[in-house]
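Taking it in order: structure first as structure tokens, then the write-up.
The values are calculated or read from the model by the stated rules, or taken from the named source; none is laboratory data. Please read these numbers as outputs of a predicted model, since none were measured by experiment. When we count neighbours, we look across all protein chains shown, and the Cβ atoms used for this are built from the backbone with ideal geometry, even at glycine. For the accessible areas, the whole protein counts, side chains as well, though only heavy atoms, and no ligand, DNA or RNA atoms are used. Shrake-Rupley method; radii C 1.70, N 1.55, O 1.52, S 1.80 Å.
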Amino acid sequence: MKNDEIVGLLKGEFGEAVKASAELSGDLTVKVDLSKLHEILQFLRSCPSLEFDYLPFMTAIDYSVYPKPKTKEAEAKLKEVKTKEEKIKEDEEKLTEAKEEEAESLKEEIQKLKEEIVKAKEEAEKLKEEAKEEEREKQFDVVYQLRSIKHSHDIRIKAEVGEEDIVESATDIWSSTGCDECEIYDMFGIKFKNHPDLRRILMPEDWVGHPYRKDYPLKGKEGDDEYLDTRLPEGQLKKPEHTRMP
Amino acid sequence: MIGIEETKRVRINMGPQHPATHGVGRFILTLNGEIIEDVKPICGYLHRGLEKLAENMTYQQFMPIVDRLDYVASMNNDLAYCLAIEKLLGMEVPERAEYIRILIAELGRIASHLIWLGTMALDIGAMTPYFYTFRDRETIYDMFEEICGARLMYNYVRMGGVSNDITPKFMEMLKHFLDTFPKLMKESDGLLTKNRIWMSRTKDVGVINYDDAISWGLSGPCLRGSGVNWDLRKNRPYGIYPSLDFDIPYLPEGDVYARYLVRLEEINQSVRILRQCVEKIPSGGDYMNPESPFVRPMKKPKEGIALKDFVLQIRGVKAPAGEVYFGAENPKGELGFYIVSDGAGKPYRMKIRTPSFVHVFALPVIVKGGLIADIVSVISSLDFVFGEVDR
Amino acid sequence: MIKEHILFADLIKGLSITIKKLFGPSVTLHYPIQRRELPERMRFLHKLDLTPEGKIKCIACGICERICPPKCIKMTRGTREDGKKGLTEYEIDIGRCIFCGLCVEVCPEEAISMTNIYELATYNKADTVYTMDRLVRDVPEEKKAEVR
């Protein structure tokens, strides 16, 4: 099945819950609403013409420090407008004192600047509207990469998730999501309901914090070494020399 | 006669220092007599946070770290990572480099399968094949040493080609290897395949059926051992695989013996691919795309070095904003890189999809209801490496 | 299957393979006595290269320090004995180094290269840090002060 057919099928079934779709270097990506996420996944698995039976991976992305170039551009444009307005004021002050010949050139300059300001303001507003796409309500994205072995096509499903949200587990659809959901819970702190065994799998079970979040420092937190020292094996007298990346 | 009124469930801890777990894996087994009722895999003993590290390194700096994922098939890891970056950047690779890549990838596949065969035989109790397979693997490692100077952590493939051209001595060694290896492979084959102890330890053990194998996300030889005809080299072709002639072995039984036979046949198919590559490889030409920003920029003539070359090395090659997923067929299964780029020289987020991670968590469903003596052979047949599981 | 069972065909086949090996050539080396010939491209202990005049090639640009993935190279810049500014100390911590060879690859002056010296084990952890004197290998011990 072709990518646009899949999107059409999804949109026909779920309407507004399918927010956006894009093709990124050949991979079809569809953004969906979190409240309908589980239903959509179930539909993708069970619909006979789609039948996504294989899940290569699922993961989460922390978007809290993702750059927003268009918002930045809009801000820069607004700054430009401000500096030009100040220049007009300066010129108008000069105009009161200036002679006739100079006055005419100044007037022309002011006229030019005013036109430029109008243009810049329009552009800034356009950019602001475009920048709205970059704005996110929630911090994380959950990503499901799906594949159909029978029909040999791929799709990627994304849904925005906040820290407080609880995502419905997909273990009843694909068993392989079990370990991936554990990893996401461990590394990002996103909780899943109806999961048979949700636990920290890579970090120790009493570890505080979620390492793959963007606010977690790369070299670990300050108390980490003490945490490790308190959990030395029995009979080990010499404390290990903790090495951190310089 | 003493009647047993009730049976008690026993919990046994296996690992992390268990030779049959191929690393630092730990499994908590719940036993009812000799029957396994439940397995709880516990991992994380080798967790290094590679995905977090990748976010703080340039694409090129992360190259040597990728070797440390599946440390018995580093060449294949390198290739998968480079192909993912090339997909993100839209880069082209010269023809000779493509052939070199296939050569080393298939050699890496053979080396990885040889380690698997030796250790699996050792785990089940046949010690002799271990020495034969490690002898053959040694010749492959000598070849890798010849072209890139390292035995295990190669760091050889580059975005846009490979880091060094192959030498005439390498080609000589390769031709010699292709002549002798199939004969040597028959030794291990003769020792194991028809051996009755081997067959009784592996046949009808650790069965996973077609639907379960797909649902639990198995990949590579484990998936094909359950009758699924799926290979990324055929179904999502990359490199010059479409122009090569090879078969995908798959067997419907889904037991340890089927996975064993699939891997053995894969070794033969790899030899077949290697033979074609040796014939077809162009004798001259670039081994690296000269327009690639990753081409050794500092090795230009002296007047050619500019400040921008320094900046390129330190800040990294700027990839276009977007996201990409690329999965390559590794010896263990599908190794995929999901890269989210924000337009900087470092990835914003990198998820590494490793086959072993999925296989470890599919173990409970495979061994449930089996005997405790069989868990070792099932673990070996799934062939996981804990460098990949914990990342 | 029955035929095999009676004749032990599988066992005889296996045994014949192993017995053949008794008379074949040995494939192992007696390591400390016998040594392998290593290929040219081996990536082991680093070496600081010298110009034809016998001075260190390094211009202290610091790119190897920046690109090193485990950050094991430490470079100090300052005024040297001859009054010129440049490299005063260069340290590689072999305990951290992963021998990836990126430092050699990016060096604009080809001032650093890798040798095939692979026996790097020490009794002392401090010995794993290789200073500039130990990294210059082309001149005898007493002349090492002159290379700076």
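Observations, loosely collected:
- Applying the Karplus relation 6.51 cos²θ - 1.76 cosθ + 1.60 with θ = phi - 60° to the range B:373-381 yields 3J(HN,Hα) values of 5, 8, 4, 5, 6, 5, 4, 5, 6 Hz, where x marks Gly and Pro.
- Solvent exposure, largest accessible area first (probe 1.4 Å, DNA, RNA and ligands not counted), of A:Ile40, C:Ile12: C:Ile12, A:Ile40
- The share of accessible area on the range B:1-127 that comes from carbon and sulfur is 53 percent, using a 1.4 angstrom probe.
- Inter-site label distance for B:Phe134 and C:Glu110 at 7 Å from Cα along Cβ, in nm: 4.0
- Separation in nanometres of the label points that stand 7 Å from Cα toward Cβ, at B:Leu307 and A:Thr230: 5.1
- Against the main long axis of the alpha-carbon atoms of chain C, helix C:9-21 sits at an angle near 50°.
- Exercise: per-residue mean of other protein chain Cβ atoms within 10 Å, C:100-112: 5
- The mean number of partner chain beta-carbon atoms within 10 angstrom of a residue's beta-carbon across peptide C:40-48 is 3.
- Extension gain (nm, one decimal) between C:Lys74 and C:Thr88, 0.36 nm per residue minus Cα-Cα: 3.9 nm
- Amide hydrogen neighbours beyond the local backbone of A:His153, cut-off 5 Å, H modeled: A:Ser148
- 5 angstrom amide H check on C:Ile112, placed H, neighbours 5+ away: C:Asp49
- Protein accessible area in the range A:69-133, 1.4 Å probe - carbon and sulfur %: 47
- Inter-centroid distance (Cα atoms) of the range C:30-71 relative to the range B:71-123, Å: 27
- Test item: Cα-centred dipole of the range A:69-133, Lys/Arg +1 and Asp/Glu -1 on Cβ, debye: 480
- Gain on full stretching of the segment that runs from A:Trp207 to A:Lys68 - 0.36 nm per residue minus C-alpha separation: 46.8 nm
- Each residue, B:Val278 and B:Ile248, gets one label point 7 Å from its Cα in the Cβ direction; the gap between the two is 2.7 nm.
- Exposed loop sites were defined as GluC sites (Glu not before Pro) in DSSP loop states (anything but H, G, I, E or B) carrying at most 11 other C-beta atoms within 10 Å; in chain A the longest segment without such a site runs A:1-132.
- Among the trypsin sites (Lys or Arg not before Pro) in the range A:1-66, those located in a DSSP loop and surrounded by at most 13 other Cβ atoms within 10 Å of their own Cβ are A:Lys2.
- Rounded to whole numbers, the Karplus 3J(HN,Hα) couplings from phi for the range A:30-35 are 10, 9, 10, 7, 5, 5 Hz, using 6.51 cos²θ - 1.76 cosθ + 1.60 with θ = phi - 60°, and x at Gly and Pro.
- With all protein chains kept in place, the per residue accessible area of chain B amounts to 35 square angstrom at a probe of 1.4 angstrom.
- Qualifying aspartates and glutamates (Cα of each under 18 Å from Cα of A:Lys107; at least 8 residues distant if same chain): A:Glu85, A:Glu86, A:Glu90, A:Asp91, A:Glu92, A:Glu93, A:Glu97, A:Glu115, A:Glu116
- Per residue, the accessible area of the range A:69-133 comes to 87 Å², computed with a 1.4 Å probe over protein heavy atoms only.
- Set of the range A:1-41 residues, backbone N closer than 11 Å to the point 7 Å along the Cα-Cβ line of A:Lys138: A:32-38
- B/C buried area, accessible surface, summed, 1.4 Å probe, Å²: 3300
- Accessible-area composition of the range B:236-391, carbon plus sulfur, in percent [1.4 Å probe]: 56
- Förster radius 22 Å - calculated FRET efficiency between A:Glu86 and A:Lys128 (Cβ-Cβ, nearest 0.05): 0.50
- 1.4 Å probe, heavy atoms, protein only - residues of the range B:146-166 losing at least 50 Å² accessible area vs chain alone: B:Gly149
- Accessible surface buried upon A-B contact (total; probe 1.4 Å; Å², nearest 100): 3800
- Shielded residues, the range A:186-224 - accessible-area loss of 20 Å² or more between chain alone and all protein chains, probe 1.4 Å: A:Arg199, A:Ile201, A:Leu202, A:Tyr212, A:Lys214, A:Leu218
- Largest-first ordering by accessible area, 1.4 Å probe, given options B:His176, A:His38, B:His18: B:His176, B:His18, A:His38
- For the protein assembly as shown, the ratio of Cα radius of gyration to the globular rule of thumb 2.2 N^0.38 Å stands at 1.10.
- Complex-versus-alone comparison for the range A:36-77, residues with a loss of 30 Å² or more in accessible area, probe 1.4 Å: A:Asp53, A:Tyr54, A:Pro56, A:Phe57, A:Thr59, A:Ile61, A:Tyr66, A:Pro67
- Cut-off under 5 Å, modelled amide H: who pairs with B:Gly220 long-range: B:Glu334
- Accessible area per residue was computed with a 1.4 Å probe on protein heavy atoms; B:Ile248 scores about 30 Å².
- Cross-link partners of A:Lys126 among lysines, defined as those whose alpha carbon lies under 23 angstrom from its own and excluding same-chain residues fewer than eight positions apart: A:Lys19, A:Lys68, A:Lys70, A:Lys72, A:Lys77, A:Lys79, A:Lys82, A:Lys84, A:Lys112, A:Lys114.
- In sequence order, the range B:126-137 has phi-based couplings of 8, 8, 4, x, 3, 6, 5, 5, 6, 5, 5, 4 Hz under the Karplus curve 6.51 cos²θ - 1.76 cosθ + 1.60, θ = phi - 60°, and Gly or Pro positions carry x.
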